[in-house]
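To start, the structure itself, in structure tokens.
The values are calculated or read from the model by the stated rules, or taken from the named source; none is laboratory data. Keep in mind the model is a prediction, meaning the values are calculated, not measured. Cβ atoms come from the backbone with ideal geometry, glycine included; neighbour counts cover every protein chain shown. Note: accessible area is taken over every heavy atom of the protein model, side chains too, but ligands, DNA and RNA are not part of it. Shrake-Rupley method; radii C 1.70, N 1.55, O 1.52, S 1.80 Å.
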Amino acid sequence: MEIDAAREVRTTCPYCGVGCGVLAKVAADGQVSVRGDADHPANFGRLCSKGSALAETIDLDGRLLHPEIDGRRVGWDEALDRVASTFSQTIAEHGPDAVAFYVSGQLLTEDYYVANKLMKGFVGSANIDTNSRLCMASSVAGHRRAFGSDTVPGTYEDLELADLIVLVGSNLAWCHPVLYQRIAAAREKRPEMKIVLVDPRRTMTADIADMHLAIAPDGDVALFTALLAYLGQHNALDRAYIDEHTTGFGQALFAASKLDLAGIAEATGLSEDELGRFYSLFARTEKTVTVYSQGVNQSSSGTDKVNAIINCHLATGRIGKPGAGPFSVTGQPNAMGGREVGGMANMLAAHMEIENPAHRARVRRFWNAPALAEKPGLKAVDMFKAVADGRIKALWIMATNPVDSMPDADAVEAAIKACPFVVVSDVLESTDTVRHAHVRLPATAWGEKDGTVTNSERRISRQQAFLPAPGEARPDWWIVAEVGKRMGFGEAFAHATPAGIFAEHAALSGLENDGTRDFDIGAYAGIDGEDYDTLAPFQWPAASQGSPPTTRFFANGNFYTPDRKARFIPIRPVVETRTDEKFPLVLNTGRVRDHWHTMTRTGKSPRLSQHIAEPFVEIHPADAQLFGIGDADIVRISSPRGEVLVRALVTPRQRQGSLFAPMHWTDQFAAKGRLDALTASLTDPVSGQPALKHVAVRIEKFAAKAFGFAVMRARPASVAATYWVVAKCRGGWRVELAFADDNMGWADFAASLFGAPPTSDTLAYHDRDAGQHRIAAFDGEHLAGALFVAPGPVAVSRGWAAEKLEEVHAGQRERFRIVAGRAGAGRPDAGATVCSCFSVGANQIAAAVAAGCTTVASIGETLKAGTNCGSCRAEIRAIIEARRVQAAE
Ligand code: SF4
């Protein structure tokens with residue numbers, strides 16, 4: 001495609017469900033720069049650290065650029081023929097349910113639409129599910145139970161208009177940073193706004209919370225069920241709304257009333273005083289928004305949690321009004337778009353229901369698809385079980401990495417390895433999943449592809465290409481359509497452009513909609529290429545007969561149930577104990593600020609890789625003492641399914657009896673960091689979403705004989721250490737190491753790490769008695785690599801060592817300083833990166849605080865830290881607070 005390099009292209013961030021607008025520009029020298037789009041209503045110009053670093057993630061290192069069959073480069077025709085013929089043959093021999101697609105919330109709506117159409121319409125199976133099943137399936141199920149449709153009633157503006165925001169299982173500061181910034185800015189203008197955080201951990205989001213409820217794992221069902229009873233007992237109900245617009249209130253209240261305060265305190269782990277203060281605040285605040293994300297959804301009771309929350313909003317009539325409503329925030333950039341096209345196994349298309357014969361007949365007619373699937377397909381966890389037991393014999397994985405992200409990940413990997421035919425379309429040639437594919441199909445990446453995404457507030461925005469497709473990479477929709485044609489469905493897959501696909505999707509959404517379906521963008525059914533290219537972000541609904549005057553749903557009822565009334569769901573909280581003597585701790589999994597999913601993109605950015613460069617586990621000091629674990633020890637976490645090795649972070653922010661660990665690290669970045677090897681395939685019975693945040697585990701110190709840290713210019717081909725974690729840094733790579741054996745040939749080990757022969761220009765220091773070894777190898781005037789080994793965690797400053805890769809080392813004195821492992825006088829160590837935008841470290845911020853900066857604003861004035869994307873402001877405030885406490889002691 002022709003790209004106009006002088007033009008600034010309006011596109012959308014490919015990370016989280018906030019869906020920020022991005023302006024991307026390619027300079028004459030090919031350099032790409034990005035900035036926030038001030039006109040985009042999701043972010044008004046803001047970007048978080050991940051969005052700001054997008055330009056660092058688009059190089060072609062590691063890209064899959066040509067189709068391959070069994071590791072052999074082939075042309076597109078051969079690859080597509082192989083996929084089409086194997087799928088057709090499998091269907092002919094074993095039936096349509098013997099094949100499956102596992103797709104992704106990273107796909108654009110147009111990609112998703114075509115994949116869903118091929119599987120449900122023409123293969124005749126509904127075996128298409130998505131990694132969004134791991135993200136927000138419980139919200140979908142909860143919405144459909146209560147509203148009769150998967151509708152998010154509110155908008156982001158409600159977060160600024162609310163007088164009370166309740167954040168449940170949602171670390172917005174790190175996972176949806178721009179929404180967090182919008183709330184923080186609104187709170188600065190209206191300090192009377194109250195924020196309650198419900199989370200087992202004291203996350204960075206607690207920085208703006210007036211109240212932090214450190215709830216027991218899965219205690220949220222009891223918390224909100226009992227809130228309903230409290231609202232009933234304290235005359236805080238909207239009787240008119242309940243009577244006019246809902247059904248089932250009596251049964252829901254009856255079920256809720258069975259809980260007594262002592263029982264709720266036990267189920268939630270909260271004191272009666274905490275419960276009383278929260279309930280009273282909720283009851284008296286009309287403008288309340290309850291925001292929830294993975295902490296609610298990723299649970300075996302996720303759908304009940306969602307309905308327990310929605311029940312409280314229905315009972316108070318606080319829904320669809322400015323500043324009031326339940327609000328599900330999605331993790332992925334296009335989880336909502338996937339829901340709209342029916343990209344989940346239990347949905348049809350355009351929010352129509354696969355179980356509904358009239359809906360099926362309509363879609364069958366529209367697609368001219370006589371083989372349309374008649375029943376729901378297998379949800380993600382069941383799908384991989386079917387791969388494991390041989391029911392599914394041909395599997396196509398698109399834009400996702402289930403070997404790392406699915407629960408019981410080792411079993412999922414074994415299933416994929418054993419599957420007779422696996423196709424993976426991806427942008428990278430080497431991921432933990434791609435390595436098992438029989439056919440690898442190179443897909444275009446962010447910046448090269450065109451289409452639309454929908455964010456958490458139902459806003460559809462364009463993603464636009466500003467770079468040419470590299471090698472033979474092709475858009476996902478094109479790849480799927482070509483396979484569809486080769487399977488004999490040419491007429492249905494004659495799409496030539498994403499604009500045409502979007503127009504078809506829009507037409508289907510509006511087809512025969514008499515107001516009984518929420519998702520309707522029929523106004524765009526006739527959109528042409530030009531209008532599509534300049535399409536401004538818009539919120540649905542956008543029906544062909546004109547949009548309603550409000551962008552919110554349900555203030556006046558009109559739900560999408562047969563009687564147009566919302567359904568209260570009676571909830572009976574169940575307190576589940578999963579721990580036992582062997583596995584006494586609860587593991588909660590989640591994310592860090594500067595990484596995304598399995599790091600296939602953020603792992604390329606030196607800036608993002610410096611904030612947290614290593615997988616870790618947060619453990620409460622009392623638990624650390626109990627299990628003999630010190631800060632920075634390497635620990636082994638085990639469950640009945642697998643184990644990981646990570647670094648211990650001892651912190652009172654963690655709840656006693658629970659651990660927290662992030663899910664990003666894969667075999668590409670760590671020796672044993674795949675966290676989902678620990679999680680179970682236990683799912684919510686309604687939504688099928690896995691319970692990734694409540695896993696019984698044990699923890700023990702890994703008795704390392706030696707620890708190491710190294711920097712090197714080239715990424716090591718392999719690392720012969722029991723524990724290693726590799727991360728990108730500015731001049732090359734850095735590696736954390738730990739060894740079960742301290743009797744190593746360190747010179748040879750260093751040479752293998754640096755990719756340099758042992759005869760290269762090398763300086764070394766060995767103190768065998770003290771277990772200290774330091775080796776630096778030079779390539780001319782540049783450092784090829786430096787290795788530091790010690791009997792305990794290596795104390796060398798990571799930032800300082802990484803800087804050495806970018807410097808010239810002509811003199812012996814400078815070279816000896818590297819081997820000494822410390823900066824020279826007057827070269828202070830910046831410490832761990834806090835502000836990724838301006839590379840400001842924790843030590844620099846602490847020094848500024850010691851010098852008199854006592855506010856985040858004054859740190860910004862002195863160091864610039866926190867003045868760009870603002871994602872680090874909570875951490876800066878924590879450093880200021882820690883210094884203040886230290887000074888007071
Ligand atoms: S909040 Fe950050 S990651 Fe999410 S869409 Fe905006 S810039 Fe991207």
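Scan region 216-260 for residues that are β-branched (Val, Ile, Thr) and either more than 29 Å from residue 588 (Cα to Cα) or open to solvent by 50 Å² or more (accessible area, probe 1.4 Å) (or both) and jot them down.
The answer is 242, 246, 247.
Among the residues of region 16-35, write down those that are on the phi > 0 side of the Ramachandran plot and over 22 Å from the mean Cα position of the chain (by Cα).
Scanning region 16-35 gives a single hit, 30.
In region 750-808, what residues are of a type in the set (Lys, Arg) and in contact with a helix residue (DSSP H, G or I) (Cβ under 7 Å, 6 or more places away or on another chain)?
Selection gives 774, 804.
Say whether the condition of being assigned to a loop (DSSP other than H, G, I, E, B) and either open to solvent by 40 Å² or more (accessible area, probe 1.4 Å) or within 16 Å of the ligand (Cβ to nearest atom) (or both) is met by at least one residue in region 395-406.
Looking through region 395-406, none of the residues is assigned to a loop (DSSP other than H, G, I, E, B) and either open to solvent by 40 Å² or more (accessible area, probe 1.4 Å) or within 16 Å of the ligand (Cβ to nearest atom) (or both).
Within region 12-69, how many residues turn out to be under 19 Å from residue 155 (Cα atoms), open to solvent by 20 Å² or more (accessible area, probe 1.4 Å) and within 13 Å of the ligand (Cβ to nearest atom)?
Within region 12-69, residues that are under 19 Å from residue 155 (Cα atoms), open to solvent by 20 Å² or more (accessible area, probe 1.4 Å) and within 13 Å of the ligand (Cβ to nearest atom) number 4.
Of all residues in region 194-215, how many are farther than 21 Å from residue 585 by Cα, modelled with pLDDT of 95 or more and open to solvent by less than 30 Å² (accessible area, probe 1.4 Å)?
Of the residues in that region, 5 qualify.
Residue 269 is checked against (1) at positive phi; (2) open to solvent by less than 20 Å² (accessible area, probe 1.4 Å) and fails just one. What number does that condition carry?
(2)
If residue 658 satisfies all but one of (1) at pLDDT below 95; (2) polar (S, T, N, Q); (3) within 23 Å of the chain's Cα centre (by Cα), what's the number of the condition it fails?
(1)
Before we move on, is residue 860 under 27 Å from residue 56 (Cβ atoms) and at pLDDT 80 or above?
yes
Tell me which residues, restricted to region 751-774, are more than 30 Å from residue 629 (Cβ to Cβ), in a strand (DSSP E or B) and either in contact (Cβ under 8 Å) with a residue 60 or more places away in the chain or open to solvent by less than 70 Å² (accessible area, probe 1.4 Å) (or both).
Selection gives 762, 763, 764.
Output yes when any residue across region 73-82 is within 13 Å of the ligand (Cβ to nearest atom) and assigned to a loop (DSSP other than H, G, I, E, B), and no when none is.
no
Evaluate the following for residue 191: is it touching a Pro at 6+ places or on another chain (Cβ under 8 Å) and either part of a helix (DSSP H, G or I) or open to solvent by 10 Å² or more (accessible area, probe 1.4 Å) (or both)?
In short, no.
Might you check whether a residue that is out of contact with any His (no Cβ under 6 Å at 6 or more places or on another chain), in a loop (DSSP other than H, G, I, E, B) and of a type in the set (Val, Ile, Thr) occurs anywhere in region 613-628?
Taking every residue of region 613-628 in turn, none turns out to be out of contact with any His (no Cβ under 6 Å at 6 or more places or on another chain), in a loop (DSSP other than H, G, I, E, B) and of a type in the set (Val, Ile, Thr).
Considering each of 154, 142, 169, 148 in turn, give the residue that is touching a Phe, Trp or Tyr at 6+ places or on another chain (Cβ under 8 Å), touching a residue at least 12 places away in the same chain (Cβ under 8 Å), surrounded by 23 or more Cβ atoms within 10 Å (Cβ to Cβ) and more than 26 Å from residue 40 (Cβ to Cβ).
That would be 169, the only listed residue that is touching a Phe, Trp or Tyr at 6+ places or on another chain (Cβ under 8 Å), touching a residue at least 12 places away in the same chain (Cβ under 8 Å), surrounded by 23 or more Cβ atoms within 10 Å (Cβ to Cβ) and more than 26 Å from residue 40 (Cβ to Cβ).
Consider only pairs whose beta carbons are under 7 Å apart and that are at least six residues apart or on different chains; among these, list those whose first residue lies in region 240-257 and is more than 9 Å from residue 317 (Cβ to Cβ) and whose second residue is modelled with pLDDT of 95 or more and part of a strand (DSSP E or B).
Listed pairs, sorted by first residue: 246/566; 247/567; 248/567.
Kindly indicate whether any position in region 272-292 is open to solvent by less than 10 Å² (accessible area, probe 1.4 Å) and either touching a Cys at 6+ places or on another chain (Cβ under 6 Å) or in a loop (DSSP other than H, G, I, E, B) (or both).
Scanning region 272-292, I find no residue that is open to solvent by less than 10 Å² (accessible area, probe 1.4 Å) and either touching a Cys at 6+ places or on another chain (Cβ under 6 Å) or in a loop (DSSP other than H, G, I, E, B) (or both), so the answer is no.
I'd like to know if region 215-225 contains one or more residues that are within 16 Å of the ligand (Cβ to nearest atom), at negative phi and assigned to a loop (DSSP other than H, G, I, E, B).
no
Any chance region 345-364 includes a residue that's small (Gly, Ala, Ser), under 27 Å from residue 217 (Cβ atoms), more than 16 Å from the ligand (Cβ to nearest atom) and open to solvent by 10 Å² or more (accessible area, probe 1.4 Å)?
Looking for residues that are small (Gly, Ala, Ser), under 27 Å from residue 217 (Cβ atoms), more than 16 Å from the ligand (Cβ to nearest atom) and open to solvent by 10 Å² or more (accessible area, probe 1.4 Å), one finds none in region 345-364, hence no.
Can you pull out every residue in region 475-508 that is farther than 19 Å from residue 529 by Cα, touching a Phe, Trp or Tyr at 6+ places or on another chain (Cβ under 8 Å), open to solvent by 10 Å² or more (accessible area, probe 1.4 Å) and not hydrophobic (A, V, I, L, M, F, W, C)?
Those that are farther than 19 Å from residue 529 by Cα, touching a Phe, Trp or Tyr at 6+ places or on another chain (Cβ under 8 Å), open to solvent by 10 Å² or more (accessible area, probe 1.4 Å) and not hydrophobic (A, V, I, L, M, F, W, C): 482, 485.
Per-residue answers, yes or no, for (1) in contact with a Pro (Cβ under 7 Å, 6 or more places away or on another chain); (2) within 12 Å of residue 222 (Cβ to Cβ); (3) of a type in the set (Val, Ile, Thr):
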| residue | (1), (2), (3) |
| --- | --- |
| 243 | no, no, no |
| 246 | no, no, yes |
| 257 | no, no, no |
| 265 | no, yes, no |
| 268 | no, yes, yes |
| 276 | no, no, no |
| 282 | no, no, no |
| 287 | no, no, no |
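Of the residues that sit in region 83-121 and are open to solvent by 10 Å² or more (accessible area, probe 1.4 Å) and not in a helix (DSSP H, G or I), which one is nearest to residue 425 (Cα to Cα)?
Step by step, filter region 83-121, then rank; the result is 106.
Tally time: how many residues in region 828-878 are assigned to a loop (DSSP other than H, G, I, E, B), within 16 Å of the ligand (Cβ to nearest atom) and either in contact with a Leu (Cβ under 7 Å, 6 or more places away or on another chain) or among the aliphatic types (A, V, I, L, M) (or both)?
Final tally of qualifying residues: 2.
Give the residue, chosen from 172, 231, 167, 179, that is among the hydrophobic types (A, V, I, L, M, F, W, C) and away from the ligand (no atom under 16 Å from the Cβ).
231
Specify the residue that is farthest from residue 145 (Cα to Cα); the eligible residues are those in region 561-611 that are within 16 Å of the ligand (Cβ to nearest atom), of a type outside the set (Lys, Arg) and open to solvent by 30 Å² or more (accessible area, probe 1.4 Å).
Once the filter is applied, the top-ranked residue is 600.
When both residues are 6+ apart or on different chains and their Cβ atoms are under 7 Å apart, which pairs have a first residue that lies in region 861-884 and is of a type in the set (Asp, Glu), and a second that is more than 15 Å from the ligand (Cβ to nearest atom)?
875/834
Yes or no: region 301-321 includes at least one residue that is among the acidic types (Asp, Glu), away from the ligand (no atom under 16 Å from the Cβ) and over 18 Å from residue 686 (Cα atoms).
No, the conditions are met nowhere in region 301-321.
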